[in-house]
Every structure is written in C-alpha cells, then in structure tokens.
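Let me begin by presenting the structure, written as structure tokens, before commenting on it.
The values are calculated or read from the model by the stated rules, or taken from the named source; none is laboratory data. Worth saying up front: this structure is predicted, and the values here are computed from it rather than measured. As a convention, Cβ positions derive from the backbone with ideal geometry for all residues, glycine included, and neighbour counts pool all protein chains shown. All accessible areas refer to the heavy atoms of the entire protein, side chains included, with ligands and DNA or RNA removed. Shrake-Rupley method; radii C 1.70, N 1.55, O 1.52, S 1.80 Å.
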Amino acid sequence: MTGVLPIAAAAQKMGMAGLVVPAGNVREAAVVEGLSVYGLQSIWEVADFLNDPDKYEAVAIDARQELQGDRTMGLDLKDVKGQTHARRALEIAATGGHNCIFVGPPGSGKTMLARRLPGILPPLTFDEALDVTQIHSVAGLLREKGQLVNDRPFRSPHHSASGPSLVGGGSYPKPGEISLAHRGVLFLDELTEFKRDVLEFLRQPLEDGYVTISRTRQSVSFPAQFTLVASTNPCPCGYFGDPIQPCTCSARHREQYWAKLSGPLMDRIDLQVAVNRLKPEEITQQPTGEESLPVRERVQAGRDRATTRFQGETIRCNAQMQSQQLRQWCQLDDTSRNLLEGAIRKLGLSARATDRILKVARTIADLAGDAALKPAHVAEAIQYRTIDRMQ
C-alpha cells in the first residue's frame, strides 16, 4: 500500500491518538511522532483489536535517531578542475537556495558541476525529511518502510519528458519530478532541448513552491520547493564565445535558439553562469579543487544566518524572500543603488530579475558574514546575469 505516511501525518494533525494500518506498512506509519500505530494482518484482526485493544502493542520507532544514520555525501567538488567562477556560483546557490543555469560549450564541465550541488547542501532536518518521505511514499518510491529519506533528492528527467511527468498527474494524481525534487535539486540537462510548453509548467511552482493538479473529481496540491539547476550550450553549435573553436551559427539562429526559453522563466533563474572550456594545462593537471566538506560548512554557516534573520517567518532561505523582506534586509547605499540602476538600464532587467539580484547579493553578504549589503556584494550578483549580457 502506498501513501501510508501522509495518511498517518494527517491523522496526527487531526488529533487522533492511534491508527491501524496493514502490517507491511506499520514501520512507515510509525515514523510520525505522537501517534500510536498498530500493524494488523487481516480484517479479522482489526475486529479483534476493536474488541480488545489491550492485546495489541503499538509499534515504536525512533525516527530522529534513524535520520542520523549514514548520509550519502554525494560527488565531491575536489574532482572539478578549475572553474573557480562556477564553483563560487554553486556555493551561492546552495547557501541561498537560488536557481542556477550553467552556459558553456560541450565538455566544459556543466553537468559535472551540477551533480555536485547535493554534496554541499546542508543535511535534511527532521521536518524536511518527513516532508520528502511523505512524497516518496505517495509515489511508491520508498525502498525501506519505516526509514526516513535522509538525503536531499536529486532528480534529473530526460529532455524528452512530458509536462505531466514533470508536474504529476494520472487518474489518481501522483507527484511528478518537480515534487519528487522537493527540498532537493531538479537538474535539467540541455535545457533548450526541452519543449517550451513543458518548461512553462515550471513557472508557477518556481514562484509558489507547490503545484496543483486538477481533475474532474478532485484537486490535489503537492509541495515543490526545489533548487533548479540547468545547463545548456550558448548556441546551436555550442561554441559561441569559445576562444578555441569558432561558432558556425548566425545571429538569427542564436536568437531562435534562446527564444525557446521564455523571459518569465529566465527571470526566475537567479544565477546565470558562463562555464568556459578548460585550458590544456588545466586538463592535464591533477584535481586540486577545494573539497566539498569545507564548502558545505560555509554553506551551513550562511544558511544559519538566514535562519536567524527569518526567525518566526515561513521562509527558509534568501531565494524565498518577498517584497517585504527585500525592503527590510536588502537596503542599498548610494553606491550600490547606482550600480544596480546602471545594470537595469544596460541589461534591460525586469523588476523580477532585479529582485533576484538583490536576493543573490544578500546571500553573498551572508557568506561574507556581513549584516549590510555592500557595493561588492551587488556587483558580484550582477555578474551572474550571463544570458542577459549575451542578448
């Protein structure tokens, strides 16, 4: 039986003291704290339990202790050669929960970088693990009943994926890839190869953090708070701006290529990062990049500052800030304001894109341990608008 965990969680929120479930699902339901869970084999046992409940013992699981078990640390950043600018962007994305796209020629390491993001993210809290496990329970993806998912999800659908496979669906709606990536990472490799109408499905969950699936008989909402990481070539041939291989695309072909990605969608991607091909001497050297562990410690410190700042509010990281938080926590001095206004005029930035720059600047300040935004923070945030500068 699938979906037992969210049923148990709902029962606990409704104030129920106990729950009877099939014996095979008892450990899954027992993950919920404050709920007595009984696993029974048949309807006859259920009848016997109702007549004499003292004969049966509730199953108890220390889910918090199990969450402290071995955590898969993911791929290590030390394997990445060079790419200092892209590694920095990855650290900012992890700290602030910012969406990110890597733009560069084939073989520049875009996918390699993206797949190392989970390894520098902070571990799941108990509440986050419970959220993730409930979604995987509904989808029937739990490998072990009674054990919380203790790794942040990393979902990487193929570019041929349909809209329903991304957002979820079916006669009895099940979560799609964007909900399975809740509290984790959704990686879209070769973003421009996805159908435009499929990508447009991402706009609402990227903004609201949930997706609603409506059917004739019911309407279901699934959480979808994920970090989007995407990669793409800069043009159809892949070599626009490459210092080694000349680009063979016309200006019109490049324009048509980028037209596959709508402006509103790109506005929701905070970090647009150019990834250049490695130099020959960088390719032949041994990996000497910083390991994931110290990066993850800096990420955790930056997130802790945000957690303290947003105490008592519903948001968890800088990427989730709304207008009220931006006014309170992203105040600019005259120099910073002039920098930002110049970028708006030169790049033709929308109001949403400008807000994204402020959110990234706030994260850069958190990594530096600064309470106030400084011109250097804003200037660095502006540099992560690669696609805006290309167009």
**Fill in**
Of the residues in segment 170-208 that are over 13 Å from Lys260 (Cβ atoms) and charged (D, E, K, R), the one that is most open to solvent (accessible area, probe 1.4 Å) is Lys174
**Message:** Take the residues in segment 38-68 that are within 33 Å of the chain's Cα centre (by Cα) and polar (S, T, N, Q); name whichever of them is least open to solvent (accessible area, probe 1.4 Å).
**Reply:** Gln65
**Fill in**
From the option list Gln245, Gln286, Gln272, single residue qualifying as modelled with pLDDT of 90 or more and either of a type outside the set (Ser, Thr, Tyr) or within 25 Å of the chain's Cα centre (by Cα) (or both) is Gln272
**Message:** Just checking: which of the helices (runs of 4 or more DSSP H) contained wholly in segment 1-54 hold 2 or more residues that are within 21 Å of Phe126 (Cα to Cα)?
**Reply:** 4-13, 26-29
**Message:** Let me spell it out: the conditions are (1) within 30 Å of Ser171 (Cα to Cα); (2) free of Cβ contacts under 8 Å to residues at least 60 places away in the same chain; (3) surrounded by 14 or more Cβ atoms within 10 Å (Cβ to Cβ); (4) touching a Gly at 6+ places or on another chain (Cβ under 9 Å), and Cys235 meets all of them except one. Which number is the exception?
**Reply:** (1)
**Fill in**
How many residues of segment 309-352 are within 21 Å of the chain's Cα centre (by Cα) and among the hydroxyl-bearing types (Ser, Thr, Tyr)? The answer is 1
**Request:** Pairs only if they're at least six apart or on different chains, beta carbon under 8 angstrom, first in segment 321-346 and under 19 Å from Arg268 (Cα atoms), second in a helix (DSSP H, G or I) and open to solvent by 60 Å² or more (accessible area, probe 1.4 Å); list them, first residue then second.
**Result:** Met321/Trp329
**Complete:** Residue count, segment 209-225, condition assigned to a loop (DSSP other than H, G, I, E, B) and buried (at least 18 other Cβ atoms within 10 Å of the Cβ), comes to 2
**Asked** Quick check: anything in segment 177-189 more than 26 Å from Gly140 (Cβ to Cβ) and in contact (Cβ under 8 Å) with a residue 12 or more places away in the chain?
**Response** no
**Flag for Ser262 being open to solvent by less than 70 Å² (accessible area, probe 1.4 Å), more than 20 Å from Arg356 (Cβ to Cβ) and touching a residue at least 60 places away in the same chain (Cβ under 8 Å)** = no
**Message:** When you check Asn276 against the structure, is it in a loop (DSSP other than H, G, I, E, B) and open to solvent by 30 Å² or more (accessible area, probe 1.4 Å), yes or no?
**Reply:** yes
**Complete:** Checked Leu35, Leu5, Leu19 against criteria (in contact (Cβ under 8 Å) with a residue 60 or more places away in the chain, closer than 24 Å to Val149 by Cβ and surrounded by 15 or more Cβ atoms within 10 Å (Cβ to Cβ)); the one match is Leu5
**Request:** Select from segment 81-106 the residues that are assigned to a loop (DSSP other than H, G, I, E, B) and touching a helix residue (DSSP H, G or I) at 6+ places or on another chain (Cβ under 6 Å) and write down the one among them that is most open to solvent (accessible area, probe 1.4 Å).
**Result:** Lys81
